[in-house]
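Novice: Structure incoming, see below.
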Amino acid sequence: MTLADWYFDFISPYSYLAYKDMGRVADRLELRLHPVLFAGLLNHWGQKGPAELGPKRVWTYRWCTWWAQRNGIPFRMPAVHPFNPIAYLRLAHAAGCTPEAVGTIFDALWTSGADPRDPVLIEELTAKLGVDQTAIGEPRVKEALRERTNQAIAQGVFGVPSFCINGHVFWGADALGLVQDYLADPALFDSSEMKRVSALPVGAERTG
């Protein structure tokens with residue numbers, strides 16, 4: 001089994017879709033789940049999220065709806081998006097970041113059409129996961145989320161979902177095929193062309 005870190009945020013439909021497709025690589029990986037704050041990654045790298053650009057927002061929702069339907073994945077956009085995911089991220093940490101806890105939270109947010117801002121949803125999830133609701137506000141839980149987000153940045157993670165395997169970052173819901181090929185051939189990135197594109201010079205940069 002190959003050790004892999006998987007970074008995700010519950011705000012991301014791509015993270016949900018990738019999680020539902022994880023069976024393709026689960027038998028090859030010793031997987032560690034890391035809920036992180038996507039906004040923290042965006043702030044660090046100076047990016048905007050897909051939902052912050054009007055046309056890209058519509059494209060994202062349409063693509064995810066199509067992809068889920070095409071692949072038989074239960075999916076319904078929440079009542080509002082984007083939303084503040086911090087309570088759900090902290091809940092996952094308070095519940096130990098187990099696959100059961102992560103899956104339960106993903107399903108609640110991405111299959112029911114519920115409003116993530118509704119405090120009743122958090123109440124129901126904490127009860128279902130056997131977590132005291134006050135735990136999501138504990139300093140240790142808040143610090144765990146900060147630490148995981150900083151850990152992701154230190155590993156070069158710039159978006160969610162992302163696998164980190166042997167120092168390589170595999171980003172996006174559509175990265176699972178590349179992960180499979182890498183697991184089958186760990187020398188995948190050692191070819192001359194892979195090395196060339198990994199060190200390609202910058203030819204021009206935007207200013208302002």
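Coordinate-derived values only; no laboratory data. Only a predicted model underlies this, so the values are computations on that prediction, with no experimental measurement involved. With ideal geometry, Cβ positions are generated from the backbone for all residues, glycine too; neighbour counts draw on all protein chains shown.
Novice: Roughly how tilted is helix 139-154, in degrees to the nearest 10 and between 0 and 90, from the longest Cα axis of the chain?
Specialist: Between helix and principal axis, roughly 20 degrees.
Novice: Hey, for a label at A199 modelled as a point 7 Å past Cα toward Cβ, could you say which residues of region 156-173 have their backbone N under 20 Å away?
Specialist: Backbone N within reach: 167-169.
Novice: How high is the FRET efficiency from A26 to T111, r the C-beta distance, R0 22 Å, rounded to 0.05? Can you show the working numbers first?
Specialist: Values: r = 20 Å, r/R0 = 0.92.
The pair A26/T111 has a calculated efficiency of 0.65.
Novice: Same structure again: Based on C-alpha coordinates, I'd like the Rg and Dmax of region 63-175, in Å.
Specialist: 15.1, 42
Novice: For region 108-163, what number results from the quotient of the Cα radius of gyration and 2.2 N^0.38 Å? Let's see the in-between values first.
Specialist: Numbers: Rg = 14.3 Å, N = 56, 2.2 N^0.38 = 10.2 Å.
Compactness ratio reported: 1.41.
Novice: Can you pull the Kirkwood radius for the chain, inverse mean 1/r over Cα pairs, to one decimal in Å? Don't skip to the answer; put the middle values down first.
Specialist: Numbers: mean 1/r = 0.0551 Å⁻¹.
About 18.2 Å, per the Kirkwood formula over Cα pairs.
Novice: Shifting gears a bit: Which distance in nm do the two modelled labels at N84 and R62 give, with both placed 7 Å along the Cα-to-Cβ direction?
Specialist: About 3.2 nm, to one decimal.
Novice: Same structure, new question: Report the extension gain between R206 and S192 in nm, rounded to one decimal, defined as 0.36 nm multiplied by the number of residues separating them, less their alpha carbon distance.
Specialist: Details: separation 14, 0.36 × 14 = 5.04 nm, distance 2.90 nm.
Gain in length upon complete extension: 2.1 nm.
Novice: Starting from the Cα of E123, move 7 Å in the Cα-to-Cβ direction to define the label point; list residues of region 93-109 whose amide nitrogen is under 20 Å from there.
Specialist: Residues passing the 20 Å test: 105, 108-109.
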